[in-house]
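Some notes on the structure that comes next.
The values are calculated or read from the model by the stated rules, or taken from the named source; none is laboratory data. Note that the coordinates shown come from a computational prediction; the quantities given were computed from them, not determined experimentally. Ideal geometry is used to build each Cβ from the backbone, glycine not excepted, and the neighbour counts take in all protein chains shown. Just so you know, the surface numbers come from the protein's heavy atoms only, side chains and all, with ligands and any DNA or RNA stripped out. Shrake-Rupley method; radii C 1.70, N 1.55, O 1.52, S 1.80 Å.
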Amino acid sequence: MSTARFPEGFLWGTATAAHQVEGGNHANDWWAWEQVPGRIKNGDRSDPACEHYERFASDFDLLRSLHQNAHRLSLEWSRIEPVPGEFSATALTHYRDVLQALRDRGMEPLVTLHHFTNPTWIVAAGGWEAAETAEYFARFAERVTDELAGLAKFWITINEPTVVAYQGYVHGDWPPGKRDFGAALRVVVTLLRGHWLAYERMKRRHPELQIGLAHHLRIFDPARWFAPQDRAVATAFNRVFNQTVLRSLRKGRLVFPLTRNGIASGPPQSQDFIGLNYYTRELVKFNHRYGAELFGQRVLVEPALRSDLTWELYPEGLYRTLMALRAEQLPIYVTENGIADRDDALRPEFLLTHIGAMHRAIQAGVPVRGYLHWTCFDNFEWAEGYSAKFGLIACDPVTQERRVRPSGRLYAEICGTNQLPATAELPPKAAQPSERAGPTDRR
Ligand code: IFM
């Protein structure tokens with residue numbers, strides 16, 4: 001049996017977001033949202049989360065002991081700029097200490113500037129529906145990188161712009177809780193403008209930085225392959241959810257349907273790498289009652305292995321997505337990939353099959369340079385509160401006890417040896433889906 005080894009220098013780690021792990025973030029829109037009963041499962045709140053704001057040094061010791069050599073984290077904008085234009089020296093010093101702590105342990109930081117949360121003053125100024133927010137974000141990005149550029153090479157401007165727009169402005173279960181497709185598209189435009197402005201300014205001042213954006217890409221397959229209307233819906237989902245941001249960034253201008261919802265442009269190819277967040281696929285079916293969601297009804301087709309959140313385990317989707325991203329001709333980092341699995345029953349298989357799929361893509365020539373599993377510690381999973389357990393390490397929000405799960409040990413073995421365990425069965429090449437289109441194309 002051949003060994004599935006990864007390239008020298010491959011980055012192995014985990015990913016987090018400030019609001020999900022730090023605790024004590026009270027000056028942003030999510031904290032305000034969490035105060036209203038019924039919005040977060042079990043009435044959970046993001047304070048204390050994992051108390052990572054205080055515990056970061058011992059947390060990094062633990063991750064390093066599990067052989068991780070990289071870590072993705074986000075900086076909390078509302079801590080750093082609690083009022084417009086005033087930057088907190090205390091918060092900047094804190095994040096300097098955090099990044100230095102990673103460096104001291106030989107762990108490469110990947111830093112996200114915007115991971116879902118917004119300072120309350122940004123919301124008061126119109127949030128991401130207001131064009132000026134892009135300018136405020138770029139000012140924040142510039143200031144932060146002026147302070148911290150020497151400690152981190154990899155920067156991610158924005159996490160999952162289409163998820164921000166979908167959850168907050170189409171589905172409406174995240175702040176600001178709207179259901180307005182036009183507003184969602186306007187939000188994507190402003191997020192893109194924010195990325196473009198931030199990219200240009202950061203690059204001008206710190207050309208050595210590697211700057212990208214974390215894309216949440218899903219596979220959308222028709223629920224019924226024989227039904228042309230289902231295929232049309234899957235294509236539309238793929239176009240809007242997966243491709244608009246990638247294609248706009250490649251071209252340096254907005255592409256349809258964003259062109260109808262604002263004006264923005266930037267330099268072509270304003271990504272030095274692609275950040276890929278991959279979790280699952282969705283099967284979609286035409287339903288005229290789902291007009292607000294591009295006429296697509298998401299359906300669960302059995303049998304399939306599913307996470308605690310009913311997301312299908314579909315490692316072939318990671319392979320399909322990576323193969324499709326090859327056309328972007330940029331280095332790729334898997335900036336998130338994980339599973340909600342309270343009992344750790346499926347996570348070992350999830351790891352082996354997804355990392356196996358990634359290895360297969362690398363063998364086929366896709367330039368994947370790192371893998372950051374979502375996530376190290378069970379944390380505050382947005383509207384799901386603490387109920388969704390994504391951690392390789394269980395974390396009790398009451399006692400703050402950390403307990404490495406068996407999957408955490410398995411992942412440590414992979415990180416430490418830079419290969420899949422010799423006994424691991426690699427996922428077989430699936431018969432049909434890899435031949436189907438992936439979530440991007442060059443049009
Ligand atoms: O927890 C989230 C993360 O904040 C963004 N990507 C998906 C994860 C799991 O839902």
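Here are a few things to note about the model shown:
- For the range 282-296, taking the residues that are touching a Phe, Trp or Tyr at 6+ places or on another chain (Cβ under 8 Å) and open to solvent by 50 Å² or more (accessible area, probe 1.4 Å), the one that is farthest from the ligand (Cβ to nearest atom) is identified as His288.
- Within the range 1-45, the set of residues being of a type in the set (S, T, N, Q) and over 21 Å from Gln400 (Cβ atoms) comprises Ser2, Thr3, Asn28, Gln35.
The rows are residues; the columns are (1) in contact with a Phe, Trp or Tyr (Cβ under 9 Å, 6 or more places away or on another chain); (2) within 16 Å of the ligand (Cβ to nearest atom); (3) modelled with pLDDT under 95.
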| position | (1), (2), (3) |
| --- | --- |
| Lys389 | no, yes, no |
| Arg403 | no, no, no |
| Gly408 | no, no, no |
| Ala412 | no, no, no |
| Leu420 | yes, no, no |
| Ala424 | no, no, yes |
| Pro428 | no, no, yes |
| Ala431 | no, no, yes |
| Arg436 | no, no, yes |
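- Failed item in (1) open to solvent by less than 20 Å² (accessible area, probe 1.4 Å); (2) of a type in the set (A, V, I, L, M); (3) in contact with a Lys or Arg (Cβ under 8 Å, 6 or more places away or on another chain), with Ala70 passing the rest: (3)
- Residue in the range 369-379 that is more than 16 Å from the ligand (Cβ to nearest atom) and open to solvent by less than 30 Å² (accessible area, probe 1.4 Å) present: yes
- Unmet requirement for Ala131, which otherwise passes all of (1) closer than 30 Å to Asn69 by Cβ; (2) surrounded by fewer than 23 Cβ atoms within 10 Å (Cβ to Cβ); (3) away from the ligand (no atom under 16 Å from the Cβ): (1)
- Whenever a residue of the range 259-276 is buried (at least 18 other Cβ atoms within 10 Å of the Cβ), its partners that are in a strand (DSSP E or B) and among the acidic types (Asp, Glu), lying with C-beta atoms within less than 9 angstrom and at least six residues away or across chains, give the pairs Gly275/Glu336; Leu276/Glu336.
- Residue match in the range 91-111 (condition: within 16 Å of the ligand (Cβ to nearest atom) and open to solvent by less than 10 Å² (accessible area, probe 1.4 Å)): yes
- Listed conditions (1) surrounded by 19 or more Cβ atoms within 10 Å (Cβ to Cβ); (2) not in a loop (DSSP other than H, G, I, E, B) are all met by Trp174, apart from (2).
- Residues satisfying the stated conditions in the range 238-258, i.e. in a helix (DSSP H, G or I) and open to solvent by less than 10 Å² (accessible area, probe 1.4 Å): Asn242, Gln243, Thr244, Val245, Leu246, Ser248, Leu249, Leu258
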